[in-house]
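Reading through the structure tokens given below for one structure.
Please treat every number below as a calculation from the coordinates, not as lab data. Computed from a prediction, not measured in an experiment: that's the story for all the values here. Backbone-built Cβ (ideal geometry, glycine too); neighbour counts: all protein chains shown.
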């Protein structure tokens, strides 16, 4: 009895803390997936991402927000709206989206990968494990967002993306333009990391290659659907 208790306490003591897990997201995602099989923290991992994202939005210059809002309003001349009202709404929506949207998006993504890997690929993970993996994946996306902030400020354009969108001379307007703008370096990186974590979560039943390929396929499906929607609504 004492031996079992000592073993459990030793395992808990050896469990990596948040900083160590974040490092593993970037350096050893498969090993992180193995750890998340038995210990699946997610709330504080995701909350920090949301809070940092909110701070990132708050430090954006007002002139940058104003330019983005004016561009949006210029595309809809039939919808007359006061620029100051639209600017306040953009600030509120951006801040709320950075915090609440982070949790909602993570919950949805976790649900999708849970269904794909359990139903289609025969995995045996639970939803909490998937939510924990997705929450850790978001640290890669957060890094991409933080790197975008100085780029937005330098170019005075919040449409700029770190990816194929940099090859576009102007803001995307066609389906192909939106498609290129949607394929980002950090989107690909975070998808590959999540796929590697899926291999660890499966206990090796799913290979790293299969996990990465599956999540990348889901990412590209999302990019295509988003590009189609952006093309339709402008």
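For the reader, a short list of remarks on this structure follows.
- Rounded tilt (10° steps) of 62-74 against the dominant C-alpha axis of the chain: 70
- Whole-angstrom gap from region 163-234 to region 30-55, using each part's C-alpha centre: 21
- Taking Cα atoms only, the orientation of helix 83-115 departs from the longest principal axis of the chain by about 30 degrees.
- Residue order for 138, 114, fewest other beta carbons within 10 angstrom first, comes to 114, 138.
- Kirkwood-based Rg to Rh ratio, the chain, C-alpha trace: 1.04
- Taking every C-alpha pair closer than 8 Å and separated by at least 6 residues, the mean separation divided by the residue count of the chain gives a relative contact order of 26 percent.
- The calculated 222 nm mean residue ellipticity attributable to helices in the chain amounts to -25000 deg cm²/dmol, summing -39500 (n - 2.57) over DSSP H runs of n ≥ 4 and dividing by all residues.
- The angle between the Cα long axis of helix 127-155 and the longest principal axis of the Cα atoms of the chain comes to about 30 degrees, rounded to the nearest 10.
- Stokes-Einstein D for region 122-204, Kirkwood Rh over Cα pairs, 10 °C, 1.306 mPa s (µm²/s): 110
- Packing-based exposure ordering (other Cβ within 10 Å, fewest first) of 210, 155: 155, 210
- Order of 128, 161 under a 10 Å beta carbon neighbour criterion, fewest first: 128, 161
- Protection proxy ranking of 63-69, 227-233, by the mean of other Cβ atoms within 10 Å over each peptide's residues and highest first, is 63-69, 227-233.
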